[in-house]
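Taking it in order: structure first as structure tokens, then the write-up.
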Amino acid sequence: MQKNDVNDILSKAERYLRQQEELFGDSLYRGKADAPAARPAKAESWMGAGTLAALNEEICTCMKCPLGETRTKFVFGVGNPTSRVVFIGEAPGADEDAQGEPFVGRAGQLLNKIIEAVGLKREEVYICNILKCRPPNNRAPLPEESASCTPYLMKQLDLIKPEFIICLGRTAAQWLLQTTDSLSVMRAKVHDYRGTKLIVTYHPAALLRNPEWKRPVWEDMKMFKKLFDEAKA
Ligand code: URA
């Protein structure tokens, strides 16, 4: 083979590899087994945000999933940026979508009462959802929507550094704990979520429909309050 032919083959191979690299980033060089789940291929500017306000500013125009097209407002989260406890719900509903704040409808009123029952105020804690945008007709989040929104929640938690997470409802808890366990199996115990204590309880909207679940919620919140007070002491 002539030297020119070899050079030609090499430059074609190089062009091909560069195209592949542009398309697939450095995942091109990793086997499937060692590819970290849901890791974005490239660093995005929101990842460097140093405050919740800066993060909100960076991501509030997100169009990563189709919910960006149908939302009215992006619902980032609300509350104390250094709170020791973060409440995490499922996704904004109609009231939240209209106002841009989580848990402001009937379920939100009940959540405020639950928070007050353990001697805290809404402004003292942090409240957010797995999804930042409302799914049409309040349907449950699709796994791909949760997957594309979860890095934002992780970043919020990195910035807040809470000691406790209270997961409201089965959908949010199953997603964070990556389990199919029922709510009755997940509640009444303390889980570990990436080094943070995570407690699961019924969603306030479910409580509105099933008032008999008030007692288990009260028990879960008492368990939380005891740990919360002990950790402070
Ligand atoms: N339900 C949720 O899970 N989140 C809200 O913000 C409102 C209702």
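Summary table below
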item	result
Test: residue in the range 106-126 that is more than 23 Å from PHE228 (Cα to Cα) and either in a loop (DSSP other than H, G, I, E, B) or at pLDDT 95 or above (or both)	yes
Verdict on ILE88 being in a helix (DSSP H, G or I), within 21 Å of LEU208 (Cβ to Cβ) and in contact (Cβ under 8 Å) with a residue 24 or more places away in the chain	no
Neighbours by Cβ (under 7 Å, 6+ apart or cross-chain): first from the range 99-112, under 19 Å from GLU124 (Cα atoms); second among the β-branched types (Val, Ile, Thr) and more than 7 Å from the ligand (Cβ to nearest atom)	GLU101/VAL78; PRO102/VAL78; PRO102/ILE127; PHE103/ILE127
The range 156-174, residues that are part of a helix (DSSP H, G or I), within 12 Å of the ligand (Cβ to nearest atom) and of a type in the set (A, V, I, L, M, F, W, C)	ALA172, ALA173
Per-region count, the range 61-84, residues at negative phi, within 16 Å of the ligand (Cβ to nearest atom) and within 16 Å of the chain's Cα centre (by Cα)	5
Search result, residues across the range 194-233 that are part of a loop (DSSP other than H, G, I, E, B) and under 15 Å from LEU168 (Cα atoms)	TYR202, HIS203, ASN210
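The values are calculated or read from the model by the stated rules, or taken from the named source; none is laboratory data. No experiment lies behind these values; they were computed from the predicted model shown. Cβ: placed from backbone, ideal geometry, glycine included. Neighbour counts: every protein chain shown.
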